[in-house]
Amino acid sequence: GDNQGMNYDKRSDMGFEKEEIEDFRLFLRTCARMSLYNALDQDWFNRIVPGARRLIGCDQGNAAHLEGDAAIHTSLVFENLISVSHARLGREPDEMEKLAVILHDLKKPDHRVQALDGSVMFPGHEEAAARMVPRIAASLELSEEEHRKLLFLVANHGEIHDWPRLSAERQTELRASPWIQSLAVMQQADAASCLMPGGGGLPVHWDAVN
């Protein structure tokens, strides 16, 4: 009937209420580290970001992640993204940059491998997270450009940590992206959020990238 049609018009193609989408994007624009950490276990958040609560308790080992589990790490990257973006780009990170941080390690629980020496790795988690981007882009009704930027950041967030070891051809390919500076900011925020046993974080590649 007419009422059913009106209700359908309020929903995205993925079945989300328009208000849910607007609220989530408002959350991206305004949330801080602790509000993100608390949101990871909320049903409304997991409707749009499936599996987010599984980051809680996902042990990352003690070789490069003394800061805590994957949920704590993601929340720290989010916090550091804001300060690094202001320092490097002179602006607040945009919604896609923030969403990329939320998604970047989302698949770590599915790809966790613990070696005999106790070290932990997550092979393939970057590609798995990137495969989720189209669904999330559709649910949030992202524009084509937003979708492409989000996919670039999520898919390449691991590779840029290996920047000095990438081929010159691959470095040139990444630099050709309009979002390479966003990726470099994300790399610095991610590196600063990895607490190493000897103190400090992972190497930062901003200068080399730019």
Inset, instruction - Go through the residues of segment 15-27 one by one and say whether even a single one is modelled with pLDDT of 90 or more, within 18 Å of the chain's Cα centre (by Cα), more than 30 Å from residue 121 (Cβ to Cβ) and surrounded by fewer than 12 Cβ atoms within 10 Å (Cβ to Cβ). - result: yes
Legend entry - Test: residue 163 is farther than 22 Å from residue 136 by Cα and either crowded, with 17+ Cβ neighbours inside 10 Å or in contact with an Asp or Glu (Cβ under 8 Å, 6 or more places away or on another chain) (or both): yes
Legend entry - Selection within segment 43-56 - open to solvent by less than 60 Å² (accessible area, probe 1.4 Å) and assigned to a loop (DSSP other than H, G, I, E, B): 49, 50, 51
Inset, instruction - Give just the number: which of (1) modelled with pLDDT of 90 or more; (2) assigned to a loop (DSSP other than H, G, I, E, B); (3) within 23 Å of residue 39 (Cβ to Cβ) does residue 65 not satisfy? - result: (1)
Inset, instruction - For segment 175-201, enumerate the residues that are over 18 Å from the mean Cα position of the chain (by Cα) and in a helix (DSSP H, G or I). - result: 175
Inset, instruction - Would you check if residue 40 is under 27 Å from residue 113 (Cα atoms), buried (at least 16 other Cβ atoms within 10 Å of the Cβ), modelled with pLDDT of 90 or more and in contact with a Lys or Arg (Cβ under 6 Å, 6 or more places away or on another chain)? - result: yes
Inset, instruction - Looking at (1) more than 23 Å from residue 41 (Cα to Cα); (2) touching a residue at least 24 places away in the same chain (Cβ under 8 Å), find the lone condition where residue 126 falls short. - result: (1)
Legend entry - Residues of segment 89-107 that turn out to be open to solvent by 10 Å² or more (accessible area, probe 1.4 Å), among the aliphatic types (A, V, I, L, M) and closer than 16 Å to residue 70 by Cα, as a count: 0
Inset, instruction - Considering only residues that are surrounded by 13 or more Cβ atoms within 10 Å (Cβ to Cβ) and in a loop (DSSP other than H, G, I, E, B), look in segment 120-153 and name the one that is modelled with the lowest pLDDT. - result: 122
Inset, instruction - Determine the pairs where a residue that is of a type in the set (D, E, K, R), located within segment 84-113, has a partner that is open to solvent by less than 60 Å² (accessible area, probe 1.4 Å) and part of a loop (DSSP other than H, G, I, E, B) with Cβ atoms under 7 Å apart, the partner being 6 or more residues away or on another chain. - result: 108/58; 108/122; 112/58; 112/122
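The values are calculated or read from the model by the stated rules, or taken from the named source; none is laboratory data. Just so we're clear, the structure is a prediction, and the values are computed from it rather than from any experiment. So basically every Cβ, Gly included, is an ideal-geometry build from the backbone, and we count neighbours across all protein chains shown. Areas reflect the complete protein model, heavy atoms only, side chains present, ligands, DNA and RNA absent. Shrake-Rupley method; radii C 1.70, N 1.55, O 1.52, S 1.80 Å.
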